Structure formats: structure tokens, C-alpha cells
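Visitor: Below is one structure. I have some questions about it.
Only the coordinates and a few stated rules stand behind these numbers; no lab work does. The structure displayed is predicted, hence computed values, not measured ones. When we count neighbours, we look across all protein chains shown, and the Cβ atoms used for this are built from the backbone with ideal geometry, even at glycine.
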Amino acid sequence: MPGVLAAANHAFDELIGSDPGAGMPYSRLHPARAAAVADQPPVLLLGGPHPGAGAATLRQQETQHIADVIVRAKAEGWLVGDGRPATFSDVAVLLPTRTTLPALQRALDARGVPYRIESRSLVWSTEAVRNLVTLLQAIDSPADEVALLAALRQPGLACSDVDLLQWRAAGGRWSLFAPTPEDLTAEHPVASALRLLKGWHERRWWVPVNHLVDEVVRELRLVELTASQPRPRDHWRRLRFVVDQARAWCDGGGSGLSGFVAWAVQQTESDADLLETVVPEADDDAVRILTVHGSKGLEFPITVVAGLSSSGGRTDAVLWTNGGPLVRLKAHVLEMAGWPDASTTEDAERAREATRLLYVALTRAMDHLVIGCYYKPPKTNSGRASAAQRLWELLSPAGLVRTEAAPPASMTNLPVEPVTAWPIPDRDVFARDRAQLLAALGTRVATSPTALARERAGSDGSTVPPHVASTASRRPPAFARHGGRGAAIGTAVHRVLELATLPSPSEDELQALAHAACEAQGIPDLVSDVVGRVRTALASEVAQHLSSGSSWREVYLVVDDGARFVEGYIDLLAETDDGRLVLVDWKTDRAVTAAEIAAKREQYRPQLSAYADAVNRVLGRRPETHLVFTRPTPAE
């Protein structure tokens, strides 16, 4: 965007180009495409000087102004890309540190703006993560009354202020080992919560940290409780983040809940963690919130930069130099020799790093750039100027930007994004709907033609319910002979019939295939049995009219019968010399007498019918179906 780059070039010509310590001259950026909107500058500065305002007030005013601008960008249809109206997902808010995040979240929530926090170092500062870390602190350290009280008030333990007051008024102590006061029952909310925390405290030595964290999230229903939030998936994603971090911490050699809690607190409080994990979600229309470090290498149609009001003052007590550490306890009184020079050098390097970070932030914008420039001027000319002040003073008089000291009055008339309200159903209606949902989830989405036969009549003659009939095996079990090896015999017979030359394989081929199939099934002593069964199958009338060139064996099928999917394998599908389409199913079941064969044919009739229906739906021709029973020779 030409206008964005013009403003950036003007600012960094001064911030980088005039700094002799930068090490190189500033190289101006050149646009690669035309502006989406040419009638006004695409850079907007918010705020300006606010003498006497405190840091908290500046953050509140700036974030509220930013939230209003984001609402306006969508309501007014700011043009981005090839000229389309902007959406919330086109907006990215970049923060140099985590200090501004809580105020920004409150401002966006107040305006109903959906947002997604994507930088790992920012996720550690979110309320959901802080609450979970506080719970772990209370479990780990029984003496930490502040953490324990904060844990009791969280939604997972749900002790109200009234419950806490009752407990304290009755003489209860803030301890995991405190007995329940005589005036209260053991089922009092505080007593129940303390028992739960005490149980985890006693088990913390015997359970891996990641398992314990996962158990806390699960047992307290923390994921389910996020349903009360406007954007629950963001909140449960943050809980999942902590569980994943606990697992990674253990995999990295960490052990013990105390160690993990100390590490997690350090992540929450420290700004030194620059390792970012940016996980964009293309289907979510929400503002993205990242650190400036996390935005490196990325571009956004609308970029908002906030949190530049800090002057970057330093409170270090130790500085590291090539000669070793330097310590200062009190300025100009208790400090090591060399401290003033080392401090001056450190300040200069930090200022240059801040400028480089500011350069990254201002060059992420593709179409629109919004910069929060609320700042408090220093009391003296020698005071350090913040990045917000420097940008305001450099850009506002140059005619390259638009400025707004405060949100325009018209902003109050813009619509607030509605929050979806989910009505709570009647308990009986909920129970009925839940039962229906569970029943639907328990319904098999697929079955096999073999299972259809089992549903009609099980192997013992009793009816087998649909949910019991297995789809794992594609054939009913063969008769139990040879020490319970009937299923292996059936598989070996089908394997030989799949590979043998139709309709009359040579004796050598038949023996070789049978030996290989029986060896694979662990029944090498039953080769003669398998060969005999294959011979009876190939001697059947239907097999004698087949040829290898017009037959297909072990044909996989899957069709939708309207209620569920039917899938299975057709043993043999072939076309006879006279043009008939035939379907053959080999069976190794024990059936000798005419009555037994008739009963088996009736049992497998649904299976053959399902196969025939599937072939008809695919080919438009319904095949003849043949059930061929294979028996060893000579007859048993």
C-alpha cells in the first residue's frame, strides 16, 4: 500500500536514518501495488498527548478507541484487497508487550467484537490460563492462602462470596487440611471444594504433571463451563494449551507439580518469552491479537498497533558486560565503577531494538494502518519519549496520516455485535433430546451383508441384534471342527478360490495354493481338507460355466441403502458364455442333508439379496445369486 509505506518511510528516515549507531542507512520501501482507496491516507493515528493522564487511563482510553475503530471498519465497509468490504478476520492487533492485553480484551468485549489470541506469550496472560495456574498453585502449596481463596471463587469450584463468608464466620480456615466447622455440614460448597483439592494435593507425587492437569480440567468440567462464554472455543483452546504445555514440559525432562507451577508462573509474568505459536483459523471471523514478535513475516489487510505509550524505562540492578556483571543498589551511591557507561550503552541498544520492533509493526499493514498514539508527555525535555509520542510528532504534521484525538460522536450509533444467547431447555426436553442423540450415536453407520444374515439368525439359531453383529469379519464363522480352526479353514478355502485358474486349475497349482494358504492361517496339517473343499466348489454346476477372463473375485462394494451403508466383498462375480451375470458366494458351513442346506440357504438369503441389490445399483443389472457349499472329499 503506497500510503502506508509513505508514512513508514517518513518515520524511519528519522528514527533509523538519523541514528549513527544503527550501523547502516535506512533503505526506503517501495509499493508493489496500487492503493485500494486513493481519496484519503490509509494511516490513522489515535489519541495524541494527554498531559497528566496515568498509564492505566491511557490504556483504557486507547483500547476503547481502538475497539470503536474496529467496529467502524466493518460497519462502514473499509475496502481491502481487491476492493471487498473488510471483516473482523481482516483485522490484526499487534502488541509490543502483554501489558495492554487485559484492557484491550475488556474494550473488545464491551463492543461485542469477537477476537482470537494467537501468540503463545499472550495466551499465558489470558484469564482462563491464569485461573488454571492458580488452581494448580492451590493444589501444590497448601500454605498459599491467596491462591486457595482465588481458586475457591473460580467457576470450577463455584464457591460464592456467601459460601466463603459462611465458612469464615463459622470458624473455618483457609487450608486444605482445615476441619469442617461444627455449624456447617460436610456437603458445604467450601468443604467439598477443599476435599477435592486435598485429594489432588496428596496424589501430586504419584501422578505425572500432565495427567494431573488434564484430570483437574476434566473433573472440574472446565471445558464444559466455557459454554457460558461468548466464544467458548477460544476458552477451551486455552485450557487445552495448558494441558499441552504440561505434556511438553514433562517430555522435556520436567517433573513435579511444584516445578511446573513455578515454570508456568514465570511464563505468565515474564516478557522474555519470544517463541510464538501463531495458529490462524480461516473459518473464524474474529480479530486476531498477536505480539509484534509473533507477526514477523505476516501481513494483514488492517493492522492496528497498540501499547506504544510506555517510555521503556529500565529498573535493572545488574548489567552484564564483557568484563562481567555490574551491580547497582542505589543510583550514584551504591553502584560499581563503570555502571554509568554500561547503562548508557544498554539504553542505546534497547532503544534501537525498540525501533526495529516498531518497524516490524508498522510494515505489517497491507491496506490500512491504525496506530494508538495516546501518550503522556514527559515533564522535562530530557525525559524519554515513548514510541507513541515520537510517531505522533513525526507523522501528524506531515500530511501523510489522518488523526483522531477521540472517537467521533457518531460511533455511539454504530451497532454492537450481538452475542448469541442459548436458551436453557426444560429438563424433561433436555433428557429426551439427550437420549435421542445418544441413541443416534450408538447406531451403526455401516453393516455388512454377512451381518444382515446374522441379524436374521445367529449361529446358535437365536436372533442377533444389529449392534451386536460385527462388521469386522466379512464372513460368518465356519463350523467348529479341527479344534476350533473352522474360521481358518474358511479363510484358506476362499484364498485358494480367489487365486486359482477358473474353472479347472491344475493339480500342482491347487496343491501349491493350498499349501501357501494353510501355512498363512497356521493350519499346515489341513491342506488335504482345503483342497477337497476347493474341488467340490469348482465341481459345482455354476463354476463349470465360468472362465477366468470374464470373472472378478473378491469384489469390494459399499452402497447406501437409505438407513446405513452396506459394505462387503463378493466372492465371485462373473459373466457366463450365454451372457448371464452371476454372483457366487462360497460357504464352508457344515451342511450335509437337504434340510440343513435348505436352512442355510434361508439364513443367507438376506446376504445374497443385499449383494444383488448393490450390484444392480452399480451396474444396472441384477445378477443371479448362487450359494455353493464346499465339502471335503470324500464325503464325511
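Visitor: Taking other Cβ within 10 Å of each residue's Cβ, how do Trp249, Trp205 sort, fewest first?
Guide: Trp205, Trp249
Visitor: First select every other residue whose beta carbon is under 15 angstrom from the beta carbon of Val162; then total the charges, Lys and Arg +1, Asp and Glu -1.
Guide: Within the 15 Å Cβ shell, the charges total -1.
Visitor: Let me ask you something else. Could you give the nm distance between label points at Glu353 and Glu507, where each point is 7 Å from its Cα heading toward the beta carbon?
Guide: Once both label points are built, they end up 8.9 nm from each other.
Visitor: Shifting gears a bit: Stretch Trp206-Arg221 to full length: gain in nm at 0.36 nm per residue minus the Cα-Cα span?
Guide: Length gained between Trp206 and Arg221: 3.2 nm.
Visitor: A further question follows. Send over the semi-axes of the stretch 42-94's equivalent ellipsoid, whole angstrom and largest first, taken as the square roots of 5 times the C-alpha gyration tensor eigenvalues.
Guide: Here the semi-axes work out to 27, 11, 9 Å.
Visitor: Can you give me the Cα centroid spacing of the stretch 572-595 and the stretch 154-203 in angstrom?
Guide: Their Cα centres are 74 Å away from one another.
Visitor: State the extension gain, in nm to one decimal, for the chain segment bounded by Ala169 and Leu438, taking 0.36 nm per residue of separation less the distance between their alpha-carbons.
Guide: 92.3 nm
Visitor: Treat each spin label as a single point 7 Å out from the Cα along the C-beta direction, and report the Trp263 to Thr99 distance in nm.
Guide: 2.9 nm
Visitor: Highest mean first, how do 502-508, 188-194, 54-60 rank when packing is the count of other Cβ atoms within 10 Å averaged over residues?
Guide: The packing order, highest mean first, is 188-194, 54-60, 502-508.
Visitor: Determine the shape class of the stretch 507-575: with a ≥ b ≥ c the square roots of the Cα gyration tensor eigenvalues, call it rounded for a/c under 1.5, and otherwise prolate if a/b is greater than b/c, oblate otherwise.
Guide: The shape class here is oblate.
Visitor: Jot down the per residue volume, in cubic angstrom and as a whole number, of the convex hull over the alpha-carbon atoms of the stretch 500-636.
Guide: Given the Cα convex hull of the stretch 500-636, per-residue volume reads 127 Å³.
Visitor: Go ahead and run the numbers for FRET between Glu498 and Ser255, Cβ-Cβ distance against an R0 of 51 Å, rounding to 0.05.
Guide: 0.40
Visitor: Over the alpha-carbon set of the stretch 66-144, work out the extent along each principal axis and list the three values in angstrom, largest first.
Guide: 59, 22, 17
Visitor: Quick check on packing: order 325-331, 230-236 by the mean number of other C-beta atoms within 10 Å, highest mean leading.
Guide: Top to bottom by mean Cβ count within 10 Å: 230-236, 325-331.
Visitor: Then there is this: Could you sort the peptides 76-85, 523-532 by per-residue average Cβ neighbour count (10 Å cutoff), highest mean leading?
Guide: 523-532, 76-85
Visitor: If you don't mind, another one. State the percent of C-alpha pairs, over all pairs in the stretch 106-248, separated by a distance greater than 27 angstrom.
Guide: Summing the P(r) tail past 27 Å for the stretch 106-248 gives 26 percent.
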